[in-house]
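First up is the structure itself, then whatever we jot down about it.
FYI, it's all coordinate maths here, none of it is from the lab. Quick caveat, the model's predicted, so the values are computed rather than measured. All Cβ positions, glycine included, derive from the backbone under ideal geometry; neighbour counts span all protein chains shown.
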Amino acid sequence: MKKINLFYVLFICFLFSFITSCKDKNEPVNNGIVFNTNLTYGTVIDNNGISYKTIIIGTQTWMAENLKPLNTGMVTLYLM
């Protein structure tokens, strides 16, 4: 049998993991969040135009959902 170079095995593993982890940017995000329809939610929009639901608890306004990641290619940024 021929000896398989370790470099080629690692390269194929990396290539396979890279290809399988890529997502279509136009694919809708289904994060499984279910909001209570009996409550009234407000909205807030960040600098990038992403809308988030808010809820009033007592006298304070809280975000009802987490920040959404902004994919910029190599780095994922979480905007505030």
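Compared with the direct C-alpha span, the chain from Leu70 to Thr54 gains 3.8 nm at full extension, assuming 0.36 nm per residue. Per-residue packing, averaged as other Cβ atoms within 10 Å, sorts the ranges 36-43, 59-66 into the order 59-66, 36-43, beginning with the highest.
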